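Asker: Got a structure for you, questions after.
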Amino acid sequence: MEARSANRNMLRIGVTGGIGAGKSTVCRVFEILGIPVFYADEESKQLLSDPIVKLEVIKLLGVNVYTDGNADRKKIAHIVFNNKEILKSFNAIMHPTVSRRFNSWLDKQHDVPYVIKEAALIFETGLEKDLNKIIIVAAPMDLRIRRIQSRDGITEEQALLRMQNQWPQEEKIKLSDFLIDNNDEQPIIPQILSLHEELTELAQVL
């Protein structure tokens, strides 16, 4: 049987959600099911070491955001999440390169029904135009705050500030095609398995 070539026509699924919602946890389950996942947010972190990106970031934020050549992500976060204009400029540096890397990654995928792009700012940056369906991972705000504090070692005030730089969860839910409720009460595995079955069937009719 001839291998199915992955290309720009492959079913592309976006997984998004506010900070602390549990996007990465959901995506790891999809990976166990054999679905390739491109982690756009992790790719952005790695890009901070790219020489060209590094120069642009220093030009925008100053040389002090790098220590011994390594990006100080806490300093960067403190600056960009406290100034919406700087955040917009920072995203303008990062997102085009991440998109190019996604397309390169996409061309290497084979014999899978669909692929996933995980990104926090799908709607905020217009990425939904390049995706076929969007899954939002949602969770109550108080639970998200606790997760962020535990993960990043920041205060509740800092967590809220980061959340304010993203669209409200309710608005993203309205714009998404599917919802995974990650509230620590409703198990996510059955939700993911059901979605996986539906998306696999959808891919067959493309």
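Where a number appears in this text, it was derived from the coordinates with a stated rule and is not lab data. These numbers come from a predicted model, not from an experiment. No Cβ is skipped: glycine too gets one built from the backbone with ideal geometry, and neighbour counts run over all protein chains shown.
Asker: Taking the range 12-204 as the region of interest, what is the percent of Cα-Cα pairs per 10 angstrom bin, listed from the shortest bin to the one with the maximum distance?
Answerer: The calculated distribution, bin by bin, is 8, 34, 36, 18, 3, 0.
Asker: Based only on other Cβ atoms within 10 Å, what is the fewest-to-most ordering of THR97, THR67, THR125? Don't skip to the end; give the middle numbers.
Answerer: Numbers: THR97 16, THR67 10, THR125 19.
Going from least to most buried by this count: THR67, THR97, THR125.
Asker: Just to be sure I follow the rule: in the chain, considering lysines 8 or more places apart or on different chains, how many pairs have Cα atoms under 14 Å apart?
Answerer: Lysine pairs, 8 or more places apart or on different chains, close enough: 9.
Asker: With a cut-off of at most 11 other beta carbons within 10 Å, and DSSP calling the residue loop, which GluC sites (Glu not before Pro) in the range 123-202 qualify? Please list them. Show your work: numbers first, answer last.
Answerer: Details: sites: GLU124, GLU128, GLU156, GLU157, GLU170, GLU171, GLU185, GLU197, GLU198, GLU201; in loops: GLU124, GLU185.
Those satisfying the criteria are GLU185.
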